């Protein structure tokens, strides 16, 4: 069996690394990554949840001492100005676990040179690749005809280079602003991502680019490097012709709240590995599971805005009223968070009680990528 990944952004690199690592003891399986070296990777600072650094440690022997990608520690997210209860609160990882901040450029180079899979430099369509299975990780599609819209409070971002030091900040800052929110990602001074480690998210249907930039410069000591707008979307069909799987921004895009994207890329690779490549060929189930995961990611992010912020502005009034349809699982996780202790929400592996939600139809594996502990943290720190 031959598996090809087309595209060498964060999604493509982690998809290829996942399959190469978990098929390492099966020499009859070949994994290759094909990419166009003329397409530069992003240099915007990014953040992860817990799975990506674990994958790097397993497959590439990455460690914090050698640290060839100049990653910085991420112990959680500091929310500033969110909700009405506290000025700020910290959403940590259980048991002081550590995720990472990184530059996609350096991450790409590190994974491509890992030796875990074959690397081919070529500009090809995944539909022309002669392999058993192909992953299309070519980034944002130019045509969204085959995609459905996702709901998002923001659709634009101003990227900036900070003049203040961030390297000793071991968490992502998520700062509520009059126009939305801003991320501040600590990056190494050696990393090219330092030029885009501040992002000011806003809605350009509510706030003009000029007004957003004015507010950004008043709040933070930065130099603007780039303006971007974006759509939020999901593919109608993540599996094409039974053998081409979409991943990364080719599959979906959501705003960067909670830094959920890289974790999602690995989750989809894992889903396909566990279900499709086992020979069971449950394409319909995979599609349903993937689209449910993305919809729940959207809902969890929108739920943040329902808590409001210290600002009473047109943006926050709009964001709090965005329509969404929480499912039964969301209601159950929320009910759990409101009626149980913090220790009940902490998984057993991290020293907690690991109490599952009340109904047997759902486990504590997570609502998309968030556990009952994540719900508990938000309820305790934002709800009066």
Distance in Å, no decimals, from the C-alpha centre of the stretch 79-97 to the one of the stretch 200-227 is 24 Å
A student applying the Cα gyration tensor rule (rounded when a/c is under 1.5; otherwise prolate if a/b is larger than b/c, oblate if not) would label the stretch 1-143 prolate
Expressed in nanometres to one decimal, the distance between label points 7 Å along Cα→Cβ at residue 124 and residue 84 is 5.8 nm
If R0 = 35 Å, then residue 223 and residue 327, at their Cβ-Cβ distance, give a FRET efficiency to the nearest 0.05 of 0.20
So, with points 7 Å from each Cα along the Cβ direction, the residue 132-residue 109 label distance in nm works out to 3.4 nm
Within the stretch 67-110, the residues whose backbone N lies under 13 Å from a label point placed 7 Å from the Cα of residue 320 along the Cα-to-Cβ direction are 82-85
Protection proxy (average C-beta count within 10 Å per residue), highest first, orders 148-160, 248-260 as 248-260, 148-160
Check: C-alpha center the stretch 297-344 vs C-alpha center the stretch 113-189, spacing in Å is 24 Å
Shape call for the stretch 203-332, from the Cα gyration tensor axes a ≥ b ≥ c (a/c under 1.5 means rounded, otherwise prolate when a/b beats b/c, else oblate), comes out prolate
Residue 63 and residue 167 label points (each 7 Å along its Cα→Cβ direction) are spaced in nm at 2.2 nm
CD proxy, 222 nm, the chain: helix-only mean residue ellipticity via -39,500 (n - 2.57) per DSSP H run with n ≥ 4, per residue, nearest 500, stands at -9500 deg cm²/dmol
Applying the gyration tensor rule to the Cα atoms of the stretch 191-254 (axes a ≥ b ≥ c; rounded if a/c under 1.5, else prolate if a/b exceeds b/c, else oblate), the class is oblate
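Where a number appears in this text, it was derived from the coordinates with a stated rule and is not lab data. As the structure is a computational prediction, the values presented were derived from the model and not from experiment. With ideal geometry, Cβ positions are generated from the backbone for all residues, glycine too; neighbour counts draw on all protein chains shown.
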